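Here's the structure, in structure tokens; my notes come after.
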């Protein structure tokens, strides 16, 4: 009967919302390795980083000591417009699966960006505004991050210059228009408005661009324009810090009903949503207070954690950004044939990488047709049409729930539903038409990427 | 200081959600005129209606006596997956407008159908299932209703056949794919799968279809298939009944904080969202307990209430459906040059029409560029990217708030934000590119429609 008292959706009250982010690095015994200057191979200093990033964000990037960092009131006010996000009890899914498992998901898709990206975008825009900047530059692939940043900049009256990978710019005009609605300027990359863009266009006429190229263009414009800085939507430790709002709300909602999770599952591309979701729970584990299973789910076609190397590598394809120690497939690795654009990154957050290397996180990879099967099943039962990225977590959550059906265990499973798939219908169409393919790279396929990883001696 | 206690978003607790719909007709002194059989001009009987509609829905359609109708538990369970919807205090908009007005909006877009349509779709699917039907048929224009019905049918394992206006089928493939994800079959209309479709294709080869034609095809298939009935997403009194959940939740949320609205605003196409939003408030007015201003907002290009005639007319272009007494521009009226597809209907719910004729509702019309200006302003300030339909209500809410700024009045304004505009980016693009036009029909433009209204003597 106690069961019945848990509602379908747990919403925190406004006054129960977190007022501080949680910085999991503070409680890690093995700290994530520092970013290195690719020229000197010395740790990047605050001064070096502040050429590209806002001062306060540099501070957050380098801070592995302070466990709690106040969320400024202006950001909390913005959060109140679309947060707290619901923690949903998947009663209908449980019933359909006939599992004794109890399944919860934290749904981050109820905002116009359609994903969790807004949690960090608003923070980064706020600090840019505080520093008196005119605007920020960034890159976007499929468009979620660009949309989130456009929304955040619009709110703080900041200019927002987005370099959008050309193929997406052309194939996803709706995403582009959403950004324009929020006042952003959106440039297809490579473009003729930067030196690096011109060079790439000369060398590869007709190229449809890449995330690495778009990053390089955005950084060039930020560094070369008075009053502009560059911002990034994932991978960085500052982004994981902002995303801890997801986990803190999840934990507060579970605590409110006395629920103890057994397994916490998140999809992993750059690692920011997973890092945010698990942060406070991992904190308990690190302090020896609790035990949980954490599962990172990545696409088989881009298996950074499950098949990558733990090494210093470039964060961008253009090899202009600092080196990060992470699980990586090599900065030149080009994943193909996968519709979860947000998970197609060669590396992984250095925080997640360290925790994984320490054996505190499990990782698994799944194939995309199995992911879309889970996505469709979930949509039909729980109503929400998930983003392909999010559906990676759904796949494993369902698999774990089915294992419970076998064993009769009443495990409590929590997963992150990072966003909606409204702009991914081309992928769904392929799935419906039976023309979606799976791709698992062979070891030989992975070798060229590994060969390009620089050989940096450990200090 | 009391002000501060009202959160940005008011969510009802699950146990505060309505358990009954409210049937405003029960409290109307002047009842809406009955539907007439187009052949006999006599009121449609339950038996006649049950050839097309489910039995329980026929009962609801004809019931103008019972004020409260229980919401079956299965429907309430489904509602719990995406309801209660938030009643949002538009603090940021108020601040930007520098108005003393207090603005609230009831947001119905947080579900995969993207609009309020799901509230009635799930009810209609439930009653179809209860009656032991195999499936239902319907038409859809832009696709919101079709999506909502697909979701509802998927939940109850009902077959769902959607006839989608061909031009939308071709121009909005994403909408089509969402419906397919939920297992619906989607046929472009006119099609060769019905007699009426074949006739129309012979007479007009190359036609891109119309809602009227799609309705006729859906009805033909429902009537001709064992175990199928036809369902409709707006206009009908049963739909307004189901949509009363919007108003009931709104009223409960306002009551919880002791808030008394002065003005309640909704966009009006077929009338179902407006009818649902205002229902319980109108009930108080009808019983002489309260006074509110109700404002129906329609596009200038399709001004049923503000410039139409109050007369018996056909509900569909094909003139096969019953006659309804309503404000109408004539069933042959073809509105053009407007992107709010959901508001392009020649007539208006007979409930709304009667209340308007009785002077209980005001109506106003707005031009689409002014609507998109409001939409963009709202998106940038409140974060949510509104559907063009919903933005009609935003336009007038902002105008009323600006009037308060002039007069210094602290009015409380509530409006219905019926849905999101993620699938309407073509319209936003036109607006951004400065190529959106306004269209106000002349009296001469309206005359052919009026000429086609049948002359039915009042009983």
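Things worth noting here:
- For the range A:94-110, backbone nitrogen atoms closer than 12 Å to the point 7 Å from residue A:405 Cα along Cα-to-C-beta are found at A:94-101.
- Helix-derived mean residue ellipticity, 222 nm - over chain A, DSSP H n ≥ 4, -39500 (n - 2.57), to 500: -12500 deg cm²/dmol
- Residue order, fewest to most surrounding Cβ atoms within 10 angstrom, among B:187, B:250, A:40: A:40, B:187, B:250
- Other copies of residue B:95: label-to-label distances in nm, shortest first, labels 7 Å along the beta-carbon direction: 4.2
- The alpha-carbon atoms of the range A:238-296 define a convex hull whose volume equals 71 cubic angstrom per residue.
- Partner chain coverage, peptide A:382-393 - average Cβ within 10 angstrom: 3
- Cβ-derived FRET efficiency at R0 51 Å, residue A:201 paired with residue A:63, nearest 0.05: 0.80
- Once the Cα atoms are used to define both axes, helix B:73-82 deviates from the longest principal axis of chain B by about 60 degrees.
- Cβ crowding within 10 Å ranks B:159, A:316 as B:159, A:316, fewest other Cβ atoms first.
- In percent, rounded to a whole number, the relative contact order of chain B is 19, using alpha-carbon pairs under 8 Å and six or more apart.
- Geometric descriptor of the range A:118-230, per residue, is 77 Å³ (volume of the convex hull of the Cα atoms).
- Overall form of the range A:196-248 per C-alpha gyration tensor (a/c, 1.5; a/b vs b/c): oblate
- By average C-beta atoms within 10 angstrom, highest first, the peptides B:343-354, B:92-103, A:99-110: B:343-354, A:99-110, B:92-103
- Ranked list, fewest to most other Cβ atoms within 10 Å of each Cβ, for A:201, B:87: A:201, B:87
- Position residue B:457, label points 7 Å along Cα→Cβ, spacing to each other copy in nm (shortest first, one decimal): 10.7
- For the protein assembly as shown, DSSP calls about 35 percent of its internal beta bridges antiparallel.
- Acute angle (nearest 10 degrees) that the helix B:144-155 long axis makes with the longest principal axis of chain B, alpha-carbon atoms: 80 degrees
- Protection-proxy order for peptides B:260-273, A:204-217, A:321-334, each taking the mean of Cβ atoms within 10 Å per residue, highest first: B:260-273, A:321-334, A:204-217
- Gyration tensor (alpha-carbon) shape descriptor, the range B:416-455, a/c threshold 1.5: oblate
- For chain B, the Rg and Dmax computed from alpha carbons only, in angstrom: 20.8, 69
- Bridge type composition, chain A - antiparallel percent by DSSP, nearest 5: 35 percent
- 7 Å along Cα→Cβ, label-point gaps from residue B:43 to other copies, nm, shortest first: 8.4
- Anisotropy class of the range A:283-369 from Cα gyration tensor, a/c 1.5 cut: oblate
- In this simple spin-label approximation, residue B:167 and residue A:167 carry label points 7 Å from Cα along the Cα→Cβ vector, and these lie 3.4 nm apart.
- Along principal axes, Cα extents of the protein assembly as shown, largest first, whole Å: 95, 64, 57
- Calculated FRET efficiency for the pair residue A:291/residue A:225, C-beta based, R₀ 56 Å, to 0.05: 0.70
- Take each residue of peptide A:412-424, count the partner chain Cβ atoms within 10 Å of its Cβ, and average: the result is 2.
- Take each residue of peptide A:83-91, count the partner chain Cβ atoms within 10 Å of its Cβ, and average: the result is 2.
Where a number appears in this text, it was derived from the coordinates with a stated rule and is not lab data. Given the structure is predicted, the values throughout are model-derived calculations rather than measurements. With ideal geometry, Cβ positions are generated from the backbone for all residues, glycine too; neighbour counts draw on all protein chains shown.
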